[in-house]
Amino acid sequence: MTTPELSETYACMPSTERGRGILISGHPKTNSVLYTNGRSVMMLNLDNPLEVSVYAEHGYPATVARYSPNGEWIASADVSGVMRLWGTHSGFVLKNEYKVLSGRIDDLQWSPDGMRIVACGEGKGKSFVRAFMWDSGSNVGEFDGHSRRVLSCAFKPTRPFRIATCGEDFLVNFYEGPPFRFKQSLRDHSNFVNCIRFSPDGSKFISVSSDKKGIIYDAKTADKIGELSSDDGHKGSIYAVSWSPDGKQVLTVSADKTAKVWGISDEGNGTLEKTLTSHCSGGVDDMLVGCLWQNQHLVTVSLGGTISLFSASDLDKSPVILFGHMKNVTSLVVLKSDPKVILSTSYDGRIIKWIQGIGYSGKLQRKENSQIKCLAALGDELVTSGFDNKVWRVSIKDGQCGEAEAIDVGSQPKDLTLAAVSPELALVSIDTGVVLLRGSNIVSTINLGFTVTASVLAPDGSEVIVGGQDGKLHIYSVADDSLTEEATIEKHRGAISVIRYSPDLTMFASGDLNREAIVWDRATREVKLKNMLFHTARINCLDWSPDNTKVATGSLDTCVIIYEVDKPASSRLTVKGAHLGGVYGLAFTDDYSVVSSGEDACVRVWKLAPQ
């Protein structure tokens with residue numbers, strides 16, 4: 001087999017924060033947008049959401065990224081005040097790295113000629129804003145006049161160049177240059193000023209604030225010329241604003257869960273043209289925190305990470321919804337009944353359904369939105385366990401969650417397996433032993449006398465394998481809801497983290513915290529494939545291909561390794577850097593496709609070429 005190829009990426013959503021706007025930005029020529037999640041900078045094509053690239057070189061969580069005016073370079077910044085400049089082609093070559101501010105960078109802008117960059121954010125002392133040459137990093141001006149964190153900055157797109165900044169000291173500051181010097185402070189807002197933007201023709205600029213106002217200024221003189229009409233204005237903080245490409249309209253988003261499109265007259269007054277609402281459940285997750293007018297797309301981002309795409313030519317059309325995870329995706333399940341359907345869960349309790357080749361196909365909303373650590377699915381039922389000693393059985397009807405039952409198992413569940421043949425039988429492992437469930441009843445709680453770290457139940461419910469902290473595998477037979485120890489096998493040198501039967505039940509595989517995996521023969525209990533020692537950190541997950549010939553392991557070292565059972569372990573296939581921060585979920589959808597998920601909140605499908 002050849003090296004696995006990445007065939008699809010289901011992107012994570014932008015990281016959001018309550019009470020703050022987020023800044024997303026677009027490519028000057030195409031429909032590609034940039035946003036950040038954790039340490040990743042995501043490049044997403046709005047015309048085809050499965051076309052995603054990721055830049056993962058930041059050492060700290062990234063905050064904002066922007067394309068240069070010619071679309072060849074990207075500047076991205078993080079919470080430590082570092083900005084990286086890198087090329088958009090051929091492996092994201094790093095051009096430069098600058099330490100710009102002493103605190104986090106909240107916004108950055110390129111000058112229209114692509115020679116200068118202005119950045120603003122949190123800093124010690126007076127340095128909340130800096131402008132510098134993109135190739136040398138030398139300063140181009142002094143920025144005084146702010147006393148608190150600066151949330152947004154903008155560069156006038158035409159000569160004579162100007163820079164406008166706004167922040168938490170309720171001020172909008174105006175600078176002339178280059179070299180840039182402080183010209184004046186505008187004190188028209190009575191709360192945090194969240195976003196400031198020049199119109200594309202360079203004639204005006206607009207600032208929006210948490211005092212629910214949007215004010216329009218002349219771009220040359222900084223005189224106030226108008227504001228967004230307050231008759232049908234926003235009822236909450238306005239977090240972001242974006243101009244239409246022709247400069248005649250702006251899009252604003254607010255904590256009142258609506259987006260509004262305003263027409264801007266030549267005099268500079270704004271009148272409401274349309275209020276955009278997308279279908280919402282009514283919680284705080286529907287507050288809108290980011291927006292972008294990208295050619296024919298109006299993009300809005302909610303606090304829960306939902307991206308809605310409205311069409312500029314037909315605002316009444318219901319939006320295209322893009323959705324995904326925002327946190328570590330800890331478990332993946334491929335439905336046996338329909339192997340194209342993938343369910344993934346992140347530990348914040350979000351369950352998302354993906355269809356291979358299509359991408360996002362809906363989220364499963366449970367009545368109890370508790371956290372999820374383990375997930376198992378069979379037929380039309382989900383079984384989940386979280387951090388609260390409860391195991392939930394949730395029925396699924398027509399893609400929606402129905403009734404849910406909770407079973408308290410008395411200790412935090414570590415691992416969870418269902419018997420495929422009789423799905424009402426489930427095995428839950430806890431610290432001291434295992435619990436057998438039938439339906440929603442506990443049939444027995446068995447103290448095994450050692451610390452349990454992983455367990456698995458045979459599909460017919462006749463055998464249980466339990467892995468311990470001591471690295472031993474204990475095999476038990478199940479009869480009349482009690483366990484009888486059959487054998488103990490030793491080979492691992494670390495605590496067992498995962499055990500899985502092969503689909504035809506002739507073998508099983510186990511992985512440990514000491515980076516080793518082993519394939520065993522089930523009948524003789526002998527080692528079938530050894531020396532699977534190619535990870536450099538603990539193994540988190542493992543899965544078998546449906547034809548029993550391959551085992552895939554995923555680890556904290558960001559790699560996925562695929563072994564063939566009847567070849568030596570050294571002829572493995574490795575996907576390096578499959579997920580920034582570690583791989584936590586793995587599943588085969590067919591003999592030549594592997595799905596993986598991880599800390600970077602993305603889900604990826606890898607194709608193996610058959611030989």
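The values are calculated or read from the model by the stated rules, or taken from the named source; none is laboratory data. Not measured: the values here are computed from a predicted model. Methodologically, a virtual Cβ is constructed for each residue, glycine included, from the backbone with ideal geometry; neighbour enumeration extends over all protein chains shown. Only protein heavy atoms, including side chains, enter the accessible area calculation; ligands, DNA and RNA are left aside. Shrake-Rupley method; radii C 1.70, N 1.55, O 1.52, S 1.80 Å.
Across the range 21-187, how large is the tail of the calculated P(r) beyond 24 Å, expressed as a percent of all Cα pairs? Walk me through the numbers before you get to the answer.
On the way: 4259 of 13861 pairs.
Value for the range 21-187: 31 percent of Cα pairs lie more than 24 Å apart.
As a test of the definition: which semi-axes, in Å, follow for the range 500-599 when you take the square root of five times each eigenvalue of its alpha carbon gyration tensor? Largest first, please.
Largest first, the range 500-599 gives 21, 15, 11 Å.
Cross-link partners among aspartates and glutamates for Lys327, C-alpha distance below 20 Å, same-chain residues fewer than 8 apart left out?
Once the sequence-local aspartates and glutamates are set aside, what remains near Lys327 is Glu8, Glu17, Glu57, Asp78, Asp285, Asp286, Asp348, Glu368, Asp388, Asp557, Glu599, Asp600.
Contact order normalised by length for the range 1-150, with contacts defined as Cα pairs under 8 Å and 6 or more residues apart; what percent is it?
Relative contact order comes out at 13 percent.
Within the chain, what whole-number % of the accessible surface is contributed by carbon and sulfur, with the 1.4 Å probe and all protein chains included in the calculation? Could the numbers behind the result be given before it?
Numbers: 11190 of 23590 Å².
On the chain, the fraction of accessible area on carbon and sulfur atoms equals 47 percent.
Sort out for me the Cα centre separation of the range 175-196 from the range 1-61, rounded to whole Å.
With the range 175-196 and the range 1-61 each reduced to a Cα centre, they are spaced 31 Å.
Enumerate the calculated ³J(HN,Hα) couplings along the range 110-121 in order (Karplus 6.51 cos²θ - 1.76 cosθ + 1.60, θ = phi - 60°), each rounded to whole Hz, writing x wherever the residue is Gly or Pro.
Result, ordered by residue: 8, 6, x, 8, x, 9, 10, 10, 10, 9, 9, x Hz.
Tell me, what is the per residue accessible area of the chain in Å², probe radius 1.4 Å? Write out the running numbers ahead of the final one.
On the way: 23590 Å² over 611 residues.
Heavy-atom SASA per residue in the chain reads 39 Å².
Grab the eigenvalues of the alpha-carbon gyration tensor for the range 310-397, scale each by 5, take roots, and send me the semi-axes largest first in whole angstrom.
27, 16, 12
May I ask you to derive the FRET efficiency for Asp380 and Asp480 from their Cβ-Cβ distance with R0 = 30 Å, giving the value to the nearest 0.05?
0.55
For the range 463-524, which GluC sites (Glu not before Pro) are in a loop by DSSP, counting at most 12 other Cβ atoms within 10 Å?
Nothing satisfies the criteria.
Given R₀ = 22 Å, what would the calculated FRET efficiency be for Glu490 paired with Asp431, taking r from the Cβ atoms and rounding to 0.05?
0.55
Express the Stokes-Einstein translational diffusion coefficient of the chain in µm² s⁻¹, to the nearest whole number, given a Kirkwood radius over alpha-carbon pairs, 37 °C and a viscosity of 0.692 mPa s.
Rounded to a whole number, D works out at 125 µm²/s.
Would you mind working out the magnitude of the charge dipole of the chain relative to its Cα centre, with +1 at each Lys and Arg C-beta and -1 at each Asp and Glu C-beta, to the nearest 20 Debye?
Using only the charged Cβ atoms, the result is roughly 1720 debye.
What pairs in Lys373/Lys414; Lys528/Lys567; Lys183/Lys224; Lys124/Lys156 have C-alpha atoms more than 19 Å from each other?
Checking Cα-Cα distances, Lys124/Lys156 exceed 19 Å.
Once amide H atoms are placed 1.01 Å from N in the peptide plane, what residues at a sequence separation of 5 or more from Thr558, or on another chain, have their amide H within under 5 Å of its amide H?
Placed amide hydrogens put Gly582, Val583 under 5 Å from Thr558.
Express the relative contact order of the chain as a whole percentage, based on alpha carbon pairs under 8 Å and six or more residues apart in sequence.
Here the relative contact order equals 9 percent.
In whole Hz and in residue order, list the ³J(HN,Hα) couplings for the range 244-250 that follow from phi through the Karplus curve 6.51 cos²θ - 1.76 cosθ + 1.60, θ = phi - 60°; x for Gly and Pro.
So the J values, rounded to whole Hz, are 6, x, 8, x, 9, 9, 10.
Expressed in whole Å with the largest first, what are the equivalent ellipsoid semi-axes of the range 104-149 derived from the C-alpha gyration tensor as the square root of 5 times each eigenvalue?
Semi-axis lengths for the range 104-149 are 19, 11, 9 Å.
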